[in-house]
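Visitor: Got a structure for you, questions after.
The values are calculated or read from the model by the stated rules, or taken from the named source; none is laboratory data. All values reported here derive from a predicted model rather than from experimental measurement. Every residue, glycine among them, receives a Cβ derived from its backbone with ideal geometry; neighbour counts consider all protein chains shown.
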Amino acid sequence: MTAGKLYRRIVVAVASQPSVERFTVHSAAMRGVVGRFVAGDSLAAALTVARFLHGRGMRVTLDNLGENTTSAAAATLAVDEAIAALEQLRQHGYEANVSVKLTQLGLDLGEHIVTENVQRLLARARSLDGFVRIDMEGSSYTGRTIEVFSDLRSAYENVGIVLQAYLYRTAADVEQLVAQQARIRLCKGAYKEAPHISFRRKRDTDRNYVRLMEYLLRKGNFPAFATHDAAIIDHACGFAKEHDIRPDQFEFQMLYGVRRDLQESLVSKGYGVRIYVPYGKEWYPYLTRRLAERPANALFIVRHALGEERTSEAARYT
Ligand code: FDA
């Protein structure tokens with residue numbers, strides 16, 4: 001096993017301990033660490049970050065954190081909150097754009113419930129000229145997420161989906177969804193997946209990412225490349241130039257708090273950059289995924305505990 005895999009396994013194992021979650025969620029010291037990757041507890045905090053980012057020429061998609069909702073009432077509330085985010089973005093003069101997870105909107109409770117919920121969200125988004133991106137979760141949800149998306153896609157233009165380059169199935173999914181003119185965000189994938197369905201070696205995932213990215217650049221409908229990988233981003237820019245694909249035919253997407261230098265450099269070169277801005281109280285699983293994908297983030301926690309880091313990424317924008 002590589003050191004990277006071992007690190008990831010340890011982080012996931014430690015983070016899944018209820019006592020660690022309790023400590024992390026309630027610890028005042030951890031607030032600063034959370035602020036590095038999460039805009040804040042409230043929509044108001046996310047809007048403050050959106051204002052900073054728009055001021056720097058970036059677009060945003062807001063994500064009210066939450067997943068695996070266990071009641072219909074909670075799923076309804078999640079839709080209400082996503083609608084509030086769309087309305088507030090529009091009211092502030094920004095593009096109304098949110099990212100949601102289907103399990104947050106009731107996928108575990110049945111496809112009928114989740115489809116109705118997404119429809120309500122899409123109808124309101126459409127009236128605001130807004131857009132809803134469906135995030136991709138672990139592989140036990142991939143097929144159902146694509147089905148729900150495909151059923152809605154024929155009635156709604158303003159919905160997009162995410163596909164993960166680490167899964168073997170994704171090449172076929174890309175082809176099928178491109179045929180439906182789907183708007184696809186391509187990412188590498190953030191969940192722990194079994195070896196028979198996913199690439200084991202990072203370099204194989206990266207290679208697959210590049211292959212799918214080239215396909216999407218040539219055939220996709222305003223594809224979004226969600227990565228902080230500078231080599232892959234360089235490749236995208238070169239490939240687009242070579243094939244006369246204009247910068248306004250695709251965009252890059254990055255996470256709040258990750259590689260701000262790269263975000264700004266792409267904007268300065270005239271590329272579209274959208275920042276994924278997570279907010280809300282349900283940040284624990286999201287933070288765990290961010291820590292697991294990069295050992296330097298564990299060092300960040302240590303440095304924060306030693307008082308060497310500023311408390312929030314938003315502070316860096318001021
Ligand atoms: P990679 O992991 O190779 O990292 C490349 C470089 O980026 C690193 O060397 C480092 O500089 C920087 N970096 C990456 N991650 C970092 C981190 N956590 N902290 C600090 N620096 C970091 N996944 C998923 O399964 N479903 C989804 O719906 C989404 N949605 C999504 C939206 C957006 C806008 C982004 C950017 C990402 C996602 N992801 C996702 C997460 C994605 O799958 C992946 O886990 C991360 O983006 C990390 O992979 P990279 O492509 O950045 O490359």
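Visitor: If you go through segment 236-243 one residue at a time, do you hit one that is assigned by TED's automatic domain parsing to the domain that holds LYS219 and either in a strand (DSSP E or B) or within 13 Å of the ligand (Cβ to nearest atom) (or both)?
Guide: yes
Visitor: Let me ask something additional. Got a sec? Which of ARG203, ARG144, ARG207, ARG126 is assigned by TED's automatic domain parsing to the domain that holds TYR94, touching a residue at least 40 places away in the same chain (Cβ under 8 Å) and surrounded by fewer than 19 Cβ atoms within 10 Å (Cβ to Cβ)?
Guide: ARG144
Visitor: Further question on the same structure: Check whether at least one residue in segment 100-113 is within 16 Å of the ligand (Cβ to nearest atom) and closer than 20 Å to ASN221 by Cβ, and report yes or no.
Guide: Within segment 100-113 (the criterion being within 16 Å of the ligand (Cβ to nearest atom) and closer than 20 Å to ASN221 by Cβ), the answer is yes, since at least one residue qualifies.
Visitor: Same structure again: When segment 55-78 is examined, which residues are found to be buried (at least 17 other Cβ atoms within 10 Å of the Cβ) and in a helix (DSSP H, G or I)?
Guide: ALA75, THR76, ALA78 - these are the residues of segment 55-78 that are buried (at least 17 other Cβ atoms within 10 Å of the Cβ) and in a helix (DSSP H, G or I).
Visitor: Across segment 82-96, what is the total count of residues that are within 18 Å of LEU65 (Cβ to Cβ) and either outside the structural domain of ASN158 (by TED's automatic domain parsing) or surrounded by 23 or more Cβ atoms within 10 Å (Cβ to Cβ) (or both)?
Guide: Residues meeting the conditions: 4.
Visitor: As an exercise: evaluate GLY57 against (1) at pLDDT 95 or above; (2) more than 14 Å from ILE275 (Cα to Cα) and give the number of the one condition it does not meet.
Guide: (2) is the only condition that GLY57 fails.
Visitor: Can I ask one more? Might you check whether a residue that is modelled with pLDDT of 95 or more, assigned to a loop (DSSP other than H, G, I, E, B) and within 20 Å of the chain's Cα centre (by Cα) occurs anywhere in segment 120-134?
Guide: Checked against the condition, which is being modelled with pLDDT of 95 or more, assigned to a loop (DSSP other than H, G, I, E, B) and within 20 Å of the chain's Cα centre (by Cα), segment 120-134 yields at least one hit.
Visitor: Is it fair to say GLY307 is over 16 Å from the mean Cα position of the chain (by Cα), part of a loop (DSSP other than H, G, I, E, B) and at pLDDT 95 or above?
Guide: So GLY307 does not fit the description; no.
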